[in-house]
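A short worksheet on the structure shown next.
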Amino acid sequence: MSSAVLRNEASALPVTLDDIRAARTRLAGHIERTPLAPSPSLSARLEVPVWLKLESRQRTGSFKLRGATNAVLGLDAAARARGVTAASTGNHGRALAHAAAAEGIRCVVCMSRLVPPNKLEAVKAEGAEARIVGRSQDEAQLEVNRLVAEEGLTAVPPFDHPAVIAGQGTMGLEIIEDLPDLATVLLPVSGGGLAAGTAAAIRALKPDVRIIGISMERGAAMAASLAAGHPVDVEELPTLADSLGGGIGLGNRYTFQMLRALLDDLILLSEAEIAAGIAHAYHQEREVVEGAGAVGIAALLAGKIGSQGPVVALLSGRNIDMALHHRLAGGERVDIAALSPAAQELR
Ligand SMILES: *Cc1c(COP(=O)(O)O)cnc(C)c1O
């Protein structure tokens, strides 16, 4: 990726700084403005100032509330009366359920029969209807399509949607406000909504910031797609960064194009590196984060990020099984292959 090309393309992105500013105004009072906290331990280790954007403390436990809420608040009265739906039992499903309940809107979260009971309960606890269909994420998605076609619900996808991307982008505005002189920002990447929105805001306001995406080695669909030059599928594998699993959609419309224009680099991490990030977050930063939320810290610990500071690592979520967290924090080597393969269905 040559940066001359990157900067030119950035002016024609489908989600603009104005869209993200509008999302910020709309979201005020509906989400937490999360803190940017210095990390003395990582700053000492890297010999540059390192800051952590504590989005793990967002309501519902992840940043996904920003995009989901922005999409819900943008619906007209008729769409509100009919409700929203998604095929996600992970952080997006939880966030959409919360956003809809806060507005008194019906929300149907479709999920396969393989969903673990705790994920099912988390969605119900946020006030959504859970609809159990089929044995895969694809079959759950067919039910979403049916609800849209036959009952007029609005589907709110987890990443490839302008209102969702703009909502996630509000993190970029907050980071720049809190640390105007940042040099490098580290963003977890799965479907790319987080990185597309946040990078669009940062690139527009501070064009020289290095924007680095981070995924896991096991099943990084966006990395494979960027390398191929078009969206591709990859085999899904169990990973500690379960919220980063899943494809980007072969018909991807927004995030692939945006990340191609906005990312300076996309680096991949091993499971051992991610585990070390979770343990460090807990012992040194006193933060519980899930695997996807720990990848920025993990990349710094692994020496995979050059020393241009100040550096901001975005901690994207904290919804990890606490028994697993306990083992990882204790330094146990966890057998990744033994993690539920169904976890891959659950973004
Ligand atoms: C969804 C998610 C991500 C990845 O976000 P994308 O917009 O899909 O790239 C990262 N971290 C957590 C905790 C998530 O829930």
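Quick check: from the Cα gyration tensor, does segment 234-347 come out rounded (a/c under 1.5), prolate or oblate? Numbers along the way, then the final one.
On the way: a/c = 2.04, a/b = 1.15, b/c = 1.76.
Oblate, because a/c is 1.5 or more while a/b does not exceed b/c.
What aspartates and glutamates sit close enough to Lys53 to cross-link, taking a C-alpha to C-alpha distance under 19 Å and skipping anything fewer than 8 places away on the same chain?
Hits, sequence-local ones excluded: Glu32, Glu174, Glu177, Asp178, Asp181, Glu285, Glu287, Glu290.
Ranked highest first by average number of other Cβ atoms within 10 Å, how do 326-339, 25-38 line up?
By packing density, highest mean first, the sequence is 25-38, 326-339.
In sequence order, what are the phi-derived ³J(HN,Hα) couplings for segment 295-312 according to the Karplus relation 6.51 cos²θ - 1.76 cosθ + 1.60 with θ = phi - 60°, rounded to whole Hz, with x for glycine and proline?
Per residue, the Karplus-derived 3J(HN,Hα) values read 5, x, 4, 4, 5, 5, 4, 7, x, 8, 10, x, 8, 7, x, x, 10, 10 Hz.
Starting from the amide H of Leu314, placed 1.01 Å from N in the peptide plane, find each other amide H under 5 Å away whose residue is 5 or more places distant or on another chain.
Hits under the 5 Å cutoff: Lys53, Leu186.
Report D for segment 64-155 in µm² per second (integer): Stokes-Einstein, Kirkwood Rh on Cα pairs, 10 °C, 1.306 mPa s.
In µm²/s, the coefficient is 125.
Between Ala338 and Ser43, how many nm apart are label points set 7 Å from Cα along the C-beta direction?
That separation, rounded to one decimal, is 4.0 nm.
With each label point set 7 Å from Cα along the Cα-Cβ vector, what nm distance links Asp233 and Arg253?
2.1
Could you rank the peptides 94-103, 187-196, 138-147, 280-289 by their average count of other C-beta atoms within 10 Å per residue, with the highest value first?
The packing order, highest mean first, is 187-196, 94-103, 280-289, 138-147.
Among all the aspartates and glutamates, which ones have a C-alpha under 12 Å from Lys119's C-alpha, if same-chain residues fewer than 8 places away are not counted?
Within the straight-line limit of under 12 Å, Lys119 reaches these aspartates and glutamates: Asp321, Glu345.
Send over a whole-number figure in Å² for the accessible area per residue of the chain, probe 1.4 Å.
Per residue, the chain has 39 Å² of solvent-accessible surface.
Starting from the Cα-Cα distance between Ala272 and Asp181, subtract it from 0.36 nm times their residue separation and give me the gain in nm to one decimal.
This chain segment gains 29.6 nm when fully extended.
Over the alpha carbons of segment 159-220, what is the largest minus smallest coordinate on each principal axis, giving the biggest first in Å?
Sorted largest first, the three principal extents are 34, 26, 16 Å.
For the peptides 246-252, 87-93, what is the packing order when you average, over each peptide's residues, the other Cβ atoms within 10 Å and list the highest mean first?
Ranked by mean Cβ neighbours within 10 Å, highest first: 87-93, 246-252.
Express as a percent, rounded to the nearest 5, the fraction of DSSP beta bridges in the chain (both residues included) that run antiparallel.
Around 15 percent antiparallel, to the nearest 5.
Amide H of Ala87: which non-local residues (sequence gap of 5 or more, or other chain) have their own amide H closer than 5 Å, using H built in the peptide plane?
Those qualifying (amide H under 5 Å, at least 5 residues apart or on another chain) are Cys110.
Could you look at the chain and say what percent of its accessible area is carbon and sulfur, using a 1.4 Å probe and all protein chains?
On the way: 6840 of 13380 Å².
Percent of accessible area from carbon and sulfur atoms in the chain: 51.
So which of Lys64/Lys304; Lys64/Lys206; Lys64/Lys124 end up more than 20 Å apart, counting from Cα to Cα? Present the calculation step by step, with values, prior to reporting the outcome.
Values: Lys64/Lys304 26 Å; Lys64/Lys206 24 Å; Lys64/Lys124 17 Å.
Pairs exceeding the cut-off: Lys64/Lys304; Lys64/Lys206.
Figure the gain on full extension for Asn118 and Ala77 (residue separation times 0.36 nm, minus the Cα-Cα span) and round it to one decimal in nm.
11.5 nm
For Leu114, Leu173, give me the order by solvent-accessible area with a 1.4 Å probe, most accessible first, ignoring ligands, DNA and RNA.
Leu114, Leu173
Provide, as a two-decimal number, the C-alpha radius of gyration of the chain over 2.2 N^0.38 Å, N being how many residues it has.
The reported ratio for this selection is 0.92.
For segment 64-155, calculate the relative contact order in percent as a whole number, restricting contacts to Cα pairs under 8 Å that are 6 or more residues apart.
31
Rg and Dmax of segment 1-132, Cα atoms, in Å?
Answer for segment 1-132, Rg first and Dmax second: 18.4, 55 Å.
The values are calculated or read from the model by the stated rules, or taken from the named source; none is laboratory data. Remember, it's a predicted structure, so these values are computed and weren't measured experimentally. All Cβ positions, glycine included, derive from the backbone under ideal geometry; neighbour counts span all protein chains shown. Areas reflect the complete protein model, heavy atoms only, side chains present, ligands, DNA and RNA absent. Shrake-Rupley method; radii C 1.70, N 1.55, O 1.52, S 1.80 Å.
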